[in-house]
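First the structure, in the form of structure tokens, and then the observations on it.
The values are calculated or read from the model by the stated rules, or taken from the named source; none is laboratory data. All values derive from a computational prediction rather than experimental measurement. Cβ placement follows ideal geometry from the backbone for every residue including glycine, while neighbour counts extend to all protein chains displayed. The protein model used for the area step is the full one, side chains on, heavy atoms only, and it has no ligands, DNA or RNA in it. Shrake-Rupley method; radii C 1.70, N 1.55, O 1.52, S 1.80 Å.
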Amino acid sequence: MSPLRVLQALGGSDRSGVTLGMVRGYIMRQIEASTKRIQDNEKTISSYADKYTAHHDNMDALKTKPVVFQSTKCTSCMAPLDLPSVHFLCKHSYHQRCLGDIGDSCPKCQVENQALEDQRRRQELAARQHDAFFNKLQTADDGFEVVASWFSKNPFAFTRLVDQ
């Protein structure tokens, strides 16, 4: 329960006899815990911003600069590369015979890439669940927390602009 709700509940009647001094320790602990959560969230935000900048710079480099492949061994069999070979932008290289019919993605990075793709699909699906958002908002004790949580899931990432 939030400190404000505790104070409202205890101060609801004039005869309760509860003073601010009696709940001071509780309120201070709650404020300290909130301050710690804020600091942790600020660190997380900063790390996300750093990762975003690094990924953005990497994408710009891939778009504007040549990529040099210096791999001399097949990532699959570790034998020296010979032609025909396939090079991926993740810097993994394979003999074409080692890839077989795998497709157009690096087998070594495929699990991680699939996890990222699944996460993107979940976010896209969640962005379309307006009824669930409004139901949570109406039943929540702290509506701001629901709104902040929803915005943290990037609800506008998949909106489409429609020309009228």
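Look at (1) under 28 Å from S149 (Cα atoms); (2) modelled with pLDDT of 90 or more; (3) among the hydroxyl-bearing types (S, T, Y); (4) open to solvent by less than 90 Å² (accessible area, probe 1.4 Å) and you find that Y26 fails only one, number (2).
Against the test of being out of contact with any strand residue (DSSP E or B) (no Cβ under 8 Å at 6 or more places or on another chain) and open to solvent by less than 90 Å² (accessible area, probe 1.4 Å), the options A126, A79 yield a single qualifying residue, A126. Scanning segment 82-109 for residues that are free of Cβ contacts under 8 Å to residues at least 24 places away in the same chain, surrounded by 12 or more Cβ atoms within 10 Å (Cβ to Cβ) and among the small types (G, A, S) yields S85, S105. Filtered by the rule that a residue be at pLDDT 75 or above and either open to solvent by less than 90 Å² (accessible area, probe 1.4 Å) or basic (K, R) (or both), segment 7-23 gives G21, V23. Going by the conditions given, is V162 at pLDDT below 80 and either assigned to a loop (DSSP other than H, G, I, E, B) or closer than 30 Å to L4 by Cβ (or both)? Criteria met by V162.
When you scan segment 50-72, do you find a residue that is surrounded by 10 or more Cβ atoms within 10 Å (Cβ to Cβ), in contact with a strand residue (DSSP E or B) (Cβ under 6 Å, 6 or more places away or on another chain) and in contact (Cβ under 8 Å) with a residue 12 or more places away in the chain, even just one? Checked segment 50-72: at least one residue is surrounded by 10 or more Cβ atoms within 10 Å (Cβ to Cβ), in contact with a strand residue (DSSP E or B) (Cβ under 6 Å, 6 or more places away or on another chain) and in contact (Cβ under 8 Å) with a residue 12 or more places away in the chain.
A Cβ distance below 7 Å, combined with a sequence gap of six or more or placement on separate chains, defines the contacts here; from segment 17-38, residues that are outside any helix (DSSP H, G or I) reach residues that are aliphatic (A, V, I, L, M) and surrounded by 10 or more Cβ atoms within 10 Å (Cβ to Cβ) in the pairs V18/L10.
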